[in-house]
Every structure is written in structure tokens, then in C-alpha cells.
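**Q** One structure, as C-alpha cells, below. Some questions next.
The values are calculated or read from the model by the stated rules, or taken from the named source; none is laboratory data. Values in this document were obtained by computation on a predicted structure and should not be read as measured data. FYI the Cβ positions are ideal-geometry reconstructions off the backbone, even for glycines, and counts take in every protein chain you see. The protein model used for the area step is the full one, side chains on, heavy atoms only, and it has no ligands, DNA or RNA in it. Shrake-Rupley method; radii C 1.70, N 1.55, O 1.52, S 1.80 Å.
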Amino acid sequence: MAQLGNERRVYIVTGTTTKTYTWLAGEQSNSFNRTAEAIEVSDKSTEWAQFITGKKGATAEITVYTDDTSNGPQYNMIKALHNGSQVRVFIGVLSGSTASEGDVFTAVVTAISDTNDNGSVASRSISLTATGAVTHYPTI
């Protein structure tokens, strides 16, 4: 079933037993990219190249209206970049307070870029790279 882009949101996940999902307020857009390396396993008897799946990875790009609220989600992303710490992220749809459709992963913040055009609302782009496995909901 098709979804509107604004239904799939970016949330910071905190807690282990009871998870809390905090929306990255001011979110304009997000993209989530999954990848898998292709390892060639061809031999001389094959005319066409053959491959198996290698290491998997994921990256996310998020654009938000700038919100520098102390200890807010954007502030915590900046803090994670400066401290070299990881963040837990969910990109998808919540059903109440539970992940129903989307992907959850631990990530390092690899870039934050602020744009402050004269006469426009200040915006911020955040780049994430997953570290470790990505979990998809509903479970595959």
C-alpha cells in the first residue's frame, strides 16, 4: 500500500526494555539507503559473471528545519558527532508507541550541514551511517 512521505518519520530511540521514540522535530525529508556488496564467484566454465551477496550496509540522509533546543533530538545528533558516540534511530511508521513498519539501527553521525539562506528558514542536513545490523519491521 502506498504511503505519503510524511508518514515515514525519523525517530531517535532511547531505552532498552521500554523504548521511547522521539521524532526529529522539524523534519522536511529523509532517505534510507540499504546496500550489499556483490562478490564475484565466476569460474572459467561460465560465460556470464556470477555473484553472491557480501557485506551489507545502510545510510540515511535527513533534512530538518533547524531547532537548537538544548537536549532536543537535533542537539543530541550534534553532540553525537562531536563526541564520536552512536545514536539509535528508527525510520518508519509507529503504531501507538511501537515500531510497526520501517527500519531501526544504530548509527554514527557522519555529517551535519546547516543552511542559512537570507530570507529563508534555516535548515540542517544530517548524514548517518549504520553500524551493525539493521532490523526491519515487520520482521523479515
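**Q** For the ranges 56-62, 109-115, 97-103, what's the packing order if you count other beta-carbon atoms within 10 Å of each residue, average per peptide, and put the highest first? Before the final figure, lay out each step's value.
**A** Values: 56-62: 16.9, 109-115: 13.4, 97-103: 15.0.
My ranking of the peptides, most packed first, is 56-62, 97-103, 109-115.
**Q** With θ set to phi - 60° and the Karplus curve 6.51 cos²θ - 1.76 cosθ + 1.60, what are the ³J(HN,Hα) couplings of region 34-40 in order, to the nearest whole Hz, using x for Gly and Pro?
**A** Couplings: 9, 9, 9, 5, 9, 9, 6 Hz.
**Q** Mind listing the phi-derived Karplus ³J(HN,Hα) values for region 103-108, rounded to whole Hz, using 6.51, -1.76 and 1.60 with θ = phi - 60°, and x for any glycine or proline?
**A** 9, 10, 7, 9, 9, 9
**Q** In whole percent, and with a 1.4 Å probe on the protein chains, what portion of the accessible area of region 11-52 is carbon and sulfur? Working shown, then result.
**A** On the way: 1710 of 3240 Å².
Looking at region 11-52 in its full context, I get 53 percent from C and S.
**Q** Let me ask another. Helix-only estimate, please: 222 nm mean residue ellipticity of the chain, summing -39500 (n - 2.57) across DSSP H runs of length 4 or more and dividing by its residues, to the nearest 500.
**A** Details: 1 runs with 11 residues, N = 140.
After summing the helix terms and dividing by the residues of the chain, the value is -2500 deg cm²/dmol.
**Q** For Trp48, Trp23, give me the order by solvent-accessible area with a 1.4 Å probe, most accessible first, ignoring ligands, DNA and RNA.
**A** Final ranking, largest accessible area leading: Trp48, Trp23.
**Q** May I pose another question? Using a 1.4 Å probe on the protein chains only, how many percent of the accessible area of region 56-140 belongs to carbon and sulfur?
**A** Using a 1.4 Å probe with all protein chains present, region 56-140 comes out at 48 percent carbon and sulfur.
**Q** Turning to a different aspect of this structure: With a 1.4 Å probe and all protein chains left in place, how much accessible area per residue does region 62-124 have, in Å²?
**A** Using a 1.4 Å probe on heavy atoms only, each residue of region 62-124 averages 51 Å².
**Q** Relative contact order of the chain, please, whole-number percent, based on alpha carbon pairs below 8 angstrom and at least 6 residues apart. Write out the running numbers ahead of the final one.
**A** On the way: 284 pairs, mean separation 32.8, N = 140.
Relative contact order of the chain: 23 percent.
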